[in-house]
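A.B. asks: To start, I am sharing the structure in question, which I have written as structure tokens.
The values are calculated or read from the model by the stated rules, or taken from the named source; none is laboratory data. Here the structure is a predicted model, which means the values were calculated and not measured. Cβ placement follows ideal geometry from the backbone for every residue including glycine, while neighbour counts extend to all protein chains displayed.
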Ligand code: DX5
Ligand code: ZN
């Protein structure tokens, strides 16, 4: 299994976005996490396709788009055109989650499926064979800089056990409130893709990425 850091640009300094992303890329962050908020599924609004399109040109990182958007099926094709490599949708935001997954596949992108803190692991058990990545939200989606919800660790362990029982190779990504101080617990629970916003972009993104990568290489 590959262990990957996905810095979330939500916490970046947008006037220097390209440079900041480059610092994370040069120090080993293979993915860049792109949080799309629609003001409906979550209270806040962030950014969308035009921003993705422009950053896609300045980095070789895997574009990991996390859609906190109601009925994301409406936008899958546009995300593909804007350069997304992975599209993650929320179980709670889709009327027909299987059709949404299929749409992402039809557009030749990797499929991520996310669940909010209040959604139990059992809700996605039957969908695991259809996805490439399962995203466990460890905060309530909508804002960066929140505190990690400790119950998420049990959920990660449960989902990793389900993946193993079904003999699958699904990545587990965890998002929200992850810092150098608690990332080991998240990895030990069974996650292999770490999203970090404040912990990477609060301070020197290059140095912070380097420190995360030192921990990840032990796994
Ligand atoms: C929250 C977003 C996260 C957020 C993480 O809704 O999905 O990706 O940017 O930020 P931190 O790492 O600051 O909790
Ligand atoms: Zn996110």
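A.B. asks: Identify the single condition in (1) under 21 Å from residue 11 (Cα atoms); (2) within 16 Å of ligand 2 (Cβ to nearest atom) that residue 172 does not satisfy, given that it satisfies every other one.
C.D. replies: Single failed check for residue 172: (1).
A.B. asks: Taking segment 55-80, which residues are in a helix (DSSP H, G or I) and either under 24 Å from residue 171 (Cα atoms) or at pLDDT below 95 (or both)?
C.D. replies: Hits for segment 55-80 are 55, 56, 72, 73, 76, 77, 79, 80.
A.B. asks: Filter segment 24-42 down to residues that are surrounded by fewer than 22 Cβ atoms within 10 Å (Cβ to Cβ) and either more than 10 Å from residue 68 (Cα to Cα) or away from ligand 2 (no atom under 16 Å from the Cβ) (or both), then give me how many there are.
C.D. replies: Residues flagged as surrounded by fewer than 22 Cβ atoms within 10 Å (Cβ to Cβ) and either more than 10 Å from residue 68 (Cα to Cα) or away from ligand 2 (no atom under 16 Å from the Cβ) (or both) within segment 24-42 amount to 6.
A.B. asks: Please determine, by comparing only the residues of segment 163-206 that are within 14 Å of ligand 1 (Cβ to nearest atom), touching a residue at least 60 places away in the same chain (Cβ under 8 Å) and assigned to a helix (DSSP H, G or I), which one is farthest from the chain's Cα centre (by Cα).
C.D. replies: That would be 205.
A.B. asks: Exactly one of (1) out of contact with any helix residue (DSSP H, G or I) (no Cβ under 6 Å at 6 or more places or on another chain); (2) surrounded by fewer than 16 Cβ atoms within 10 Å (Cβ to Cβ); (3) in a helix (DSSP H, G or I) is unmet by residue 1. Its number?
C.D. replies: Looking at each condition in turn, residue 1 falls short on (3).
A.B. asks: May I pose another question? Taking residue 92 and the conditions (1) surrounded by 19 or more Cβ atoms within 10 Å (Cβ to Cβ); (2) assigned to a helix (DSSP H, G or I); (3) within 16 Å of ligand 2 (Cβ to nearest atom), which numbered condition does it fall short on, given that it satisfies the others?
C.D. replies: With respect to (1) surrounded by 19 or more Cβ atoms within 10 Å (Cβ to Cβ); (2) assigned to a helix (DSSP H, G or I); (3) within 16 Å of ligand 2 (Cβ to nearest atom), residue 92 is out only on (1).
A.B. asks: Which of the residues that make up segment 68-93 are out of contact with any strand residue (DSSP E or B) (no Cβ under 9 Å at 6 or more places or on another chain) and under 18 Å from residue 38 (Cβ atoms)?
C.D. replies: 71, 74, 77, 78, listed by residue number.
A.B. asks: It is to be established whether one or more residues within segment 10-30 are in a helix (DSSP H, G or I), within 17 Å of the chain's Cα centre (by Cα) and within 14 Å of residue 142 (Cα to Cα).
C.D. replies: Checked segment 10-30: at least one residue is in a helix (DSSP H, G or I), within 17 Å of the chain's Cα centre (by Cα) and within 14 Å of residue 142 (Cα to Cα).
A.B. asks: Let me ask another. Looking at (1) crowded, with 20+ Cβ neighbours inside 10 Å; (2) away from ligand 1 (no atom under 16 Å from the Cβ), which is the only condition residue 212 fails?
C.D. replies: The one condition residue 212 does not meet is (2).
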